[in-house]
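The values are calculated or read from the model by the stated rules, or taken from the named source; none is laboratory data. What you see is a predicted model; the values in this text were computed from it and never measured. Don't worry about glycine lacking a Cβ; one is built from the backbone with ideal geometry, like all the others, and counts go over all protein chains shown. With ligands, DNA and RNA removed, areas are computed over all heavy atoms of the protein, side chains included. Shrake-Rupley method; radii C 1.70, N 1.55, O 1.52, S 1.80 Å.
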Amino acid sequence: MPSSARKSMGNANADWGVCGFTSSLYAMYEHNPSKRQQLNNANTAFRVLAEIKSYLMMLKADGEQTLLNSIVDFTQSFGSPFDTFNIDTYIARINAAVNQSENAIKADSLFGIAMPPEAVADYLKRIWQYDSTITTTVGGGTGNKDGILGVTSNNPTMPMYHGLEHYLYRCKGVVYSWGDAYTSVQDAANQGAGGANWQVCRLIEIN
């Protein structure tokens, strides 16, 4: 993946917690070459927000309340200031950002949203028409398989999905997150997460 495209995919996640979406964009860049030109523009903050809004609006239109509730519950589990998160307020916040500058949008941490593994898989299917397989791998055990990796540092304050706290994308042994590339999950943790002891707890493989 070219450096410019890689930075484009993960740039927004350097400012907000939107790793479920940015890791999916990494994956779709690899799996859907016809969309690469479109994805090269994913560094624009409002472009990422529009993608998230489109997915949430689709869930609302389709009456997917279970998925919506799971997104709310998972986002709230990250604590203040996300403990009062709700879908309608989040969408309204995106709508209000339409005339804001790129820097102002990036500075607003409340654009973070937590995606349960099932929601990531649904997003891949509903928006990009790719099936995926979710594997629970507490303590690792993924080998070097390509896919979206959910990782945990076993923080007792984060009990959902075996402590899932971040997503990365791995392709051909290279791990992508925050617009950068790393040699391993732990290398990403060392350089981007203060040396957290990350273990893979979910593997989402694109079929």
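Rolling a 1.4 Å probe across the protein heavy atoms gives the chain an accessible surface of 43 Å² per residue. Here the chain exposes an accessible surface that is 48 percent carbon and sulfur, computed with a 1.4 Å probe and the other protein chains kept in place. On the principal axes of its alpha-carbon atoms, segment 111-155 has extents of 30, 27, 13 Å, going from largest to smallest.
Take each peptide in 94-102, 163-171, 126-134, 180-188, count the other Cβ atoms within 10 Å of every residue, and average; sorted highest first, the result is 163-171, 180-188, 126-134, 94-102. Shown here are the Rg and Dmax of the Cα trace of segment 163-207, at 10.2, 33 Å. Taken about its Cα centre, segment 56-102 carries a charge dipole of about 80 debye when Lys and Arg each add +1 at the Cβ and Asp and Glu each add -1 at the Cβ. Listed by chain and number, the aspartates and glutamates whose C-alpha is less than 19 Å from the C-alpha of Lys172, apart from same-chain residues fewer than 8 away, are Glu30, Asp146, Asp180, Asp187, Glu205.
Net charge of the neighbourhood of Ala121, taken over other residues with C-beta under 11 Å away and scored Lys/Arg +1, Asp/Glu -1, is -1.
Here the ratio of the Cα radius of gyration of segment 127-201 to 2.2 N^0.38 Å is 1.08. If only the Cβ of Lys and Arg carry +1 and only the Cβ of Asp and Glu carry -1, the dipole of segment 132-203 around its Cα centre is close to 180 debye.
For the chain, return all DSSP H helices satisfying: extent of Cα atoms along own axis at least 20 Å; mean Kyte-Doolittle hydropathy at least 0.0.
Membrane-span-like by this criterion, though nothing is claimed about a membrane: 45-61.
More than 31 angstrom separation, counting every C-alpha pair in the chain; what % is that?
Cα-Cα pairs in the chain separated by more than 31 Å: 11 percent.
Structural descriptor for the chain: relative contact order 26 percent, calculated from alpha carbon pairs under 8 angstrom and at least 6 residues apart. Computed over the alpha carbons of segment 85-170, Rg followed by Dmax gives 15.9, 46 Å.
For Tyr169, the residues whose modelled amide H falls within less than 5 Å of its own, excluding neighbours fewer than 5 places apart on the same chain, are Leu149, Tyr176.
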